[in-house]
Amino acid sequence: MNHKNLGKYDVIVVGGGTAGVPAAIAAARGGSKTLLVERTGGLGGLMATGMPALGILDRQLNKVVGGIPDEIVRELTAEGLAFGDLRCPLHNSITTVSPWWWRIASSKKCVEAGVEILYSASLLEVKVVNGAVVGASFLSGSWIYDVDCTVLVDATGDAHAAYLAGAKFELGQPEELNEVISEQTKKEAYDPGRSKAGKVQPVSLTFCLGGVNTEEFMKYIEENPDTYKSPATYGMHYDKEYLFHSPAIYVTCFGEFIEKAKAAGEFDIPRDRVIFATQPNKGEYLINASRVVDVDPTDPLQMSKATDELYRQVAMLTRFFRKYCPGFSECFIANIGAFAGVRESRRIKGLRTVTREDIVGLNIPDDSIALGGYNCDIHLSGVGLYFQPVEHAIGVPYGAMIPENIDGMIVTGRSISVDSYALAVLRVMGCCLALGEAAGTAAAMAVKEQIRVADLDVPKLQETLVTNGAIVKL
């Protein structure tokens, strides 16, 4: 095996997805020599699949994510490559961008900021000396690259870097979560025999269908409002203003066709409805309907097996749409995500932890460095969802990104220190985009001031974020 030492960087960001891109840009703009390492051949993560970012606006329609993500969305919207931030009665807001242009814009912004990018490289080792991260090694092709750093930002989504560094973490849902779920959903959506909290939330593979006759399927849902009726337990429902007058929609429907397909032996996916989202390309829709339950996303063998099953489901779903759903008879696969989407994985044990009590109390702590503007959305180990409104955004304290037993590391994205219930609110892309910018900004400040990340002056971090357009308080 060939080895090469790439020298020392102020900041290494591991993972070029939803949180990693704004983290790297923020670190470089903050004056740090920054290396962004991505395991695939492109940046952007789930945003680069066509999946809309949820929760850029909270339930009161407060804008809760600004800064770098907003900068990119505004530029793409001006070119007709995104729809901007749109109100959604169920998901609070949807922000849909062209997946390919999000990937291009992510690369462009990183390069302009001076970020150096290493594509197609997997994290091999995190070097820790006296309890502090001092570097990492990456495998790409037949090469191992060794890199030193002052601060490492873990934006892997699965806390891979934190795990390799020896950080404390949690994985999986506690049994008490079933008590919360059953109490809220027992009247309609909850069946202990088929739908309950699992090991973690299911994994999915998003894809896009082109060639859709929008007028035909919109006419059907307008004439058949029961198709988009939400379970009463949600406490949230679509309205006609959103469905028929919004430039883009993210809608859950067609349960009646699933029942027909199941009866015919043509649908065996554990879903009772499908979700799709308008794409900037005419006649194209993202489909979010595949599901494999009780998969450990940190186990490559389990994820590999799940991925094959998800591809099978993509084929089944495409045939289902063609045969049963109005407007989709001539649809075709236009895009498939490069990887399975993970909703829940490792969660670090941080200096601060966001809990269910914080969600219920609608807490925005004084040391908040990002806001999460989504609802509580738990995909169950079965067919249903636990889906409950959260009246306004929740604040994420800085300490939730700092591992309690490892120095020199900031963890961002869905792997921050939260319990399973709080994760269900803060895991979506809107919050992860904001957390990424906060992590990169904090890393650059710690380097510049030559202090431990745990000792950072949080009010100063908040001031810097706000100056850069980010939002930390309502």
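For this structure, a couple of remarks:
- Each part reduced to its alpha carbon centroid, the stretch 10-43 and the stretch 308-379 end up 22 Å apart.
- Value of Rg/Rh across the stretch 349-429 [Cα atoms, Kirkwood radius]: 0.99
- Computed over the chain, the range of Cα coordinates on each principal axis works out to 63, 45, 43 Å, biggest value leading.
- For 358, 154, 226, 294, the sequence from fewest to most other C-beta atoms within 10 Å is 226, 294, 358, 154.
- Straight Cα distances below 17 angstrom link residue 229 to the lysines 187, 219, 240, with same-chain residues fewer than 8 positions distant left out.
- The stretch 402-474 and the stretch 63-116: distance between their alpha carbon centers, rounded to Å: 20
- Within-14-Å neighbourhood charge of residue 430 [Cβ basis; K, R +1; D, E -1]: 0
- Debye intensity ratio in log₁₀ form over the Cα atoms of the stretch 384-434, taken at each q of 0.15, 0.17 Å⁻¹: -0.45, -0.56
- Scaled against the 2.2 N^0.38 Å expected of a compact globular protein of N residues, the Cα radius of gyration of the stretch 207-336 reads 1.09.
- A cut-off under 15 angstrom between Cβ atoms defines the neighbours of residue 211, and their net charge, with Lys, Arg +1 and Asp, Glu -1, is 0.
- Global form of the stretch 262-304, assessed from the alpha-carbon gyration tensor, a/c cut-off 1.5: oblate
- Each Lys or Arg adds one and each Asp or Glu takes one away; over the other residues whose Cβ falls under 13 Å from the Cβ of residue 75, this sums to -1.
Values quoted throughout were computed directly from the atomic coordinates according to the rules given, and no laboratory measurement underlies them. Keep in mind the model is a prediction, meaning the values are calculated, not measured. Cβ coordinates were reconstructed from backbone atoms using ideal geometry, including for glycine residues, and neighbour counts include every protein chain displayed.
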